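Here's the structure, in structure tokens; my notes come after.
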Amino acid sequence: MNILLSGALESFLQLIGALIIFAFVLLLVYLVTRWMGSIQKGQGHHKNLHIVETIGVGNNKMISIVEAGTQYLVVAIGKDEIHLLAKLSREELKDFSFEEEAKSSQESFSDVMKKLKEKLPKKQD
């Protein structure tokens, strides 16, 4: 009986140890993901270049509209190459919602939460 109890206790402690290791790995993955996101976010705030729109057209192939200064370039992006397809003027674009998205992406978290709070219905007691 004592041996059976000792084996069960040992198995339980192994389970707790495995859960602690699993939680540690999850925390580590979360922290690394946040760190990588902050690095990419810092790289994404260029003043003269940004991607307006992208559409996939095949396996590892995309067509993108890139704003470079005041010009809009349509480029084909493959696995190992990029080709210029056309140059567009601002008047040739149909949709300017990307400008609103760029402005809203610079909002702080507290501003977004305030807007969300205003949209939610008020509780009546």
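Details
- Region 85-109 residues that are under 14 Å from His50 (Cβ atoms) and hydrophobic (A, V, I, L, M, F, W, C), paired with ones that are loosely packed, with under 11 Cβ neighbours inside 10 Å and modelled with pLDDT under 70 (beta carbon under 9 Å, 6 or more apart): none
- Test result for Gly17, loosely packed, with under 10 Cβ neighbours inside 10 Å, out of contact with any Gly (no Cβ under 8 Å at 6 or more places or on another chain) and not basic (Lys, Arg): no
Let's see how each residue does on (1) closer than 30 Å to Ser38 by Cβ; (2) at pLDDT 80 or above; (3) more than 25 Å from the chain's Cα centre (by Cα):
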| residue | (1), (2), (3) |
| --- | --- |
| Met62 | yes, yes, no |
| Ile77 | yes, yes, no |
| Leu85 | no, yes, yes |
| Phe98 | yes, no, no |
| Lys122 | no, no, yes |
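- Filter pass, Ala23 being among the small types (Gly, Ala, Ser) and part of a strand (DSSP E or B): no
- Selection count, region 65-91, where residues are in a strand (DSSP E or B) and of a type in the set (Ser, Thr, Tyr): 1
- Matching residues, region 34-48, being in a helix (DSSP H, G or I) and either at pLDDT 65 or above or touching a His at 6+ places or on another chain (Cβ under 8 Å) (or both): Arg34, Trp35, Met36, Gly37, Ser38, Ile39, Gln40, Lys41
The values are calculated or read from the model by the stated rules, or taken from the named source; none is laboratory data. Everything quoted here is computed from the prediction, not taken from an experiment. Reconstructed Cβ throughout: ideal geometry from the backbone, glycine too, with neighbour counts over all protein chains shown.
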